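The values are calculated or read from the model by the stated rules, or taken from the named source; none is laboratory data. All values derive from a computational prediction rather than experimental measurement. When we count neighbours, we look across all protein chains shown, and the Cβ atoms used for this are built from the backbone with ideal geometry, even at glycine. These accessible areas exclude ligands, DNA and RNA; they are computed on the full protein's heavy atoms, side chains included. Shrake-Rupley method; radii C 1.70, N 1.55, O 1.52, S 1.80 Å.
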Amino acid sequence: MDQFAHDKIPNIQLDMARLPRHIAIIMDGNGRWAQAQGLQRAAGHVEGVTTVRRITEECSRLGIGYLTLYAFSTENWNRPQEEVDALMHLIVTAIERETPDLIKNRVRLRVIGDSSRMPREALERLERCVQDTSAGDGLTLVLAISYSSRWEITDAVRRIAAEAADGSLDPAAITPDTVSRNLATAFMPDPDLLIRTGGDMRVSNFLLWQIAYAELYITDIYWPDFNGYDLRRAIADYQKRQRRFGLTGEQIQ
């Protein structure tokens with residue numbers, strides 16, 4: 001990752017004791033950004049990789065524990081094959097290129113999603129990057145590739161049902177924690193803050209179980225234009241909110 005020009009970010013006061021532990025981002029608007037520039041959609045995806053680098057750098061600098069990026073959904077497999085192939089090549093190549101800097105910055109890479117649908121070579125290359133960064137003790141960067149929440153929950157239900165069928169799990173003992181432990185995200189806490197760029201007001205089948213109490217932040221800024229200032233502004237907005245988790249404001253106070 002290139003060193004981000006931190007001194008160029010306008011000062012936004014953040015309470016460093018109240019940072020979100022986990023930020024999840026729906027990176028939307030690459031295609032629309034390219035079209036607005038008179039470019040092919042692929043150019044937007046290439047520019048979006050630069051944004052991934054600078055936002056990862058900024059999260060690492062701030063001390064965020066987990067950053068989950070929605071890179072490629074299971075629905076994206078239905079896009080034109082040429083675009084799918086280009087996206088998959090871009091994602092894998094970019095991760096490989098960034099791996100040395102991820103290691104240097106103590107960033108650990110994880111990948112979640114339906115790996116059975118991924119090309120074997122791409123999957124093997126991703127797995128090498130995950131292994132190479134496994135010693136990182138700073139930010140955990142999670143890429144959701146070939147991911148959808150409905151796939152994830154269905155997969156979890158299958159495994160829970162199998163345990164119940166073989167007698168190793170009493171159905172009456174199933175709790176929300178049982179479901180959480182069987183999700184692809186079991187290794188990390190649920191997101192505190194969900195950011196969506198590009199202005200659309202939906203969550204697009206992303207971490208549906210996990211964002212039950214996440215704070216939502218929607219911005220019209222396209223992903224290629226999203227920067228460290230925008231990230232800090234989202235965090236500042238998050239810090240103004242009272243997270244009640246079903247309680248009243250008086251109870252929280």
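Pick from ARG18, ARG106, ARG41: which is most flexible by mean-square fluctuation in a GNM of the chain where alpha carbon atoms under 10 Å apart are linked?
In the Gaussian network model the winner is ARG18.
Accessible area per residue, 1.4 Å probe, Å², for the range 150-248: what's the number?
Details: 5150 Å² over 99 residues.
For the range 150-248, the per-residue accessible area is 52 Å².
Order the peptides 27-40, 72-85 from the highest to the lowest mean number of other Cβ atoms within 10 Å of their residues. Write down the numbers at each step before the final one.
Details: 27-40: 17.8, 72-85: 14.3.
The peptides rank, most packed first, as 27-40, 72-85.
Using +1 at the Cβ of each Lys and Arg and -1 at the Cβ of each Asp and Glu in the range 147-248, identify which of GLN239, ALA156, PHE226 lies farthest towards the dipole's positive end.
GLN239
Counting only residues 5 or more places away or on other chains, whose amide H sits under 5 Å from the amide H of ARG110 once H atoms are built in the peptide plane?
LEU141, VAL142, LEU143
Between the range 50-128 and the range 191-229, what's the alpha-carbon centroid distance in Å?
About 17 Å separates the Cα centre of the range 50-128 from the one of the range 191-229.
How far apart, in nanometres, would the label points at ARG202 and ARG18 be if each is projected 7 angstrom from Cα along the Cα-to-Cβ direction?
Going by the 7 Å Cα→Cβ label model, 3.3 nm.
log₁₀ I(q)/I(0) of the chain at q = 0.08, 0.11, 0.17 Å⁻¹, via Debye over equal Cα point scatterers, no solvent, to two decimals?
Each listed q maps to, in turn, -0.33, -0.63, -1.45.
Based on the alpha-carbon gyration tensor of the range 159-253 and its eigenvalue square roots a ≥ b ≥ c, which shape applies: rounded if a/c is under 1.5, prolate if not and a/b is larger than b/c, or oblate? Provide the component values of the computation, followed by the final result.
Details: a/c = 3.31, a/b = 1.75, b/c = 1.89.
Oblate, because a/c is 1.5 or more while a/b does not exceed b/c.
Taking the Cβ of VAL49 as the center, what net charge do the other residues with Cβ under 11 Å away carry, scoring Lys and Arg +1 and Asp and Glu -1? Present the calculation step by step, with values, prior to reporting the outcome.
Numbers: positive: ARG53, ARG54, ARG97; negative: GLU47, GLU98.
Net of charged neighbours comes to +1.
Where is the GNM fluctuation largest for the chain (alpha-carbon springs, 10 angstrom cutoff): HIS22, HIS89, HIS45?
HIS89
Going by accessible area, probe 1.4 Å, with all protein chains left in place, what is the ranking of LYS104, LYS240, largest first? Kindly include the intermediate steps, with their values, before the conclusion.
Numbers: LYS104 140, LYS240 170 Å².
Order by accessible area, largest first: LYS240, LYS104.
In terms of modelled amide H atoms, which long-range or inter-chain residues lie less than 5 Å from the amide H of SER146?
PHE72, SER73
What percentage of the solvent-accessible surface of the chain, computed with a 1.4 Å probe over protein heavy atoms, is contributed by carbon and sulfur atoms? Display every interim value, and only then the final one.
Details: 6300 of 12940 Å².
Carbon and sulfur atoms account for 49 percent of the accessible area of the chain.
Could you work out the relative contact order of the range 162-232? I mean the mean sequence separation of Cα pairs under 8 Å and 6+ apart, divided by the number of residues, in percent.
On the way: 53 pairs, mean separation 20.3, N = 71.
The value is 29 percent.
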